[in-house]
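Below: the structure, in structure tokens.
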Amino acid sequence: MKKIAGITVGIIFLIMIGIGIFFIRNKKQSPTTSVTVSLKWLHQAQFAGLYAAKEKGFYQDRGLDVRFLEYNAAKNQIDMLVNRETEFAVVNPTELFKAVDAGMDIKAVAVIYETSPYALISLKERDIVSPADFAGKILGNKGGNPEAPVLYNTLLKDFNVDSAKITFFSPGFDTTVVDDLMTKKVDIIDMFRTDQQYLFDKQRVDYAILKPELFGFESYGDVLITTGALIAQNPDLVSLFVQATIAGWQWALDNQAEAVDMTMGYVTSTQYQDKEYQAFIISQSEKLIRSAKSKPIGDMNYLIWRKMYDYLQKSGLLKQDMDVRSIYTTEFLP
């Protein structure tokens, strides 16, 4: 009996090993869905949450094989999305509104920056402390950014500044915003405070930042979008991607040093090779991503969307009336 019992135990043990091997192999062979995301700029810590979601396995755990396409001036992000070259894109709110206005079936599924990093900067010596000081000044629009006219026009109207007394100039990306101000090409210029402010600090240039939200201009930053078609055809995919991305951002903000190390593995441009620069970007980003501490990452609010719509309408950049609720959905947020 002992021998038989021993054989029985041995057989059970072998069966258990076999079952374990089956599940291990099954897990390795489980199908994954390829997902491509186009980014609105070059690889750097502005997208650290996405890198973390990939490197920490948040996408993989949900059956997603995600790759990122950094900004390419020769390709339009919205067109790539509509043509199914990508499944998701990170864009600014103006691009989303203009795409919907043009009849494209696009929706926002999450917002990363609760408060947009977009701001205006000038040399402190120019003494520009309010939009009321814009009169007689040269206002810079870096690289023809579509957000700049919306911001400038809104502030000029709100502060009753005659646009006839303003000069607009668009410096290219062959110079830095520091250069544009120091060489007096412009008196004030648009920039990302999470990023380019570092250049001023490093060069010890005295500057003043105009934060749009302090003058009544509210806007989101880094909007995660997809097509209405993908939402209709594969809502589970959209949900998995959005939730993994938000989990990635939560992890990145809670583990910034490690998130910077991950980011460095994606950086391709020489201008972002400075690790301290990346640490600055993610630390500054946290203040804007978690600016409303009562709101979870990704959250979207109708009133903010409505304000952005009104800004664009008043600036004459939209041809059609639209139901603001139709351009975003919160159904995929955790």
Protection proxy ranking, peptides 163-170, 252-259, average beta carbon neighbours within 10 Å, highest first = 252-259, 163-170
ask   = Points 7 angstrom from Cα along the Cβ direction at Arg306 and Asp127: gap in nanometres?
value = 4.1
query = If you average over every viewing direction, what projected area does the convex hull of the Cα atoms of the chain give, in nm²?
reply = 21.5
message = Ignoring everything except DSSP H segments at least 4 long, calculate the 222 nm mean residue ellipticity for the chain; use -39,500 (n - 2.57) per segment, divide by total residues, nearest 500.
response = -12500 deg cm²/dmol
query = Which three extents, in whole angstrom, do the alpha-carbon atoms of the stretch 126-173 cover along their principal axes, largest first?
reply = 29, 22, 19
ask   = Under unit Cβ charges (Lys, Arg +1; Asp, Glu -1), what dipole magnitude, rounded to 20 debye, does the stretch 118-215 have relative to its Cα centre?
value = 100
query = Considering only the other residues whose Cβ falls under 12 Å of the Cβ of Glu218, what net charge follows from Lys and Arg at +1 and Asp and Glu at -1?
reply = 0
query = Taking the Cα centre of each part, how many Å lie between the stretch 52-88 and the stretch 177-242?
reply = 20
key: Calculated P(r) tail over 24 Å for the stretch 118-215, as whole % of Cα pairs   = 12
ask   = Out of Phe241, Phe159, Phe88, any idea which swings most in a Gaussian network model of the chain, alpha carbons joined below 10 Å?
value = Phe159
request  = Order these peptides, 107-119, 293-305, by their mean beta-carbon neighbour count within 10 angstrom, highest first.
outcome  = 107-119, 293-305
query = How many nm is it between the label spots at Leu214 and Ala102, if each spot is 7 Å from the Cα in line with the beta carbon?
reply = 3.5
task = Give the angle, between 0 and 90 degrees and rounded to the nearest 10, that separates the Cα long axis of helix 275-289 from the longest principal axis of the Cα atoms of the chain.
result = 80
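None of the figures in this text is laboratory data; all of them are computed from the coordinates on show. Predicted model only: the values in this text are computed from it and were never measured. Cβ: placed from backbone, ideal geometry, glycine included. Neighbour counts: every protein chain shown.
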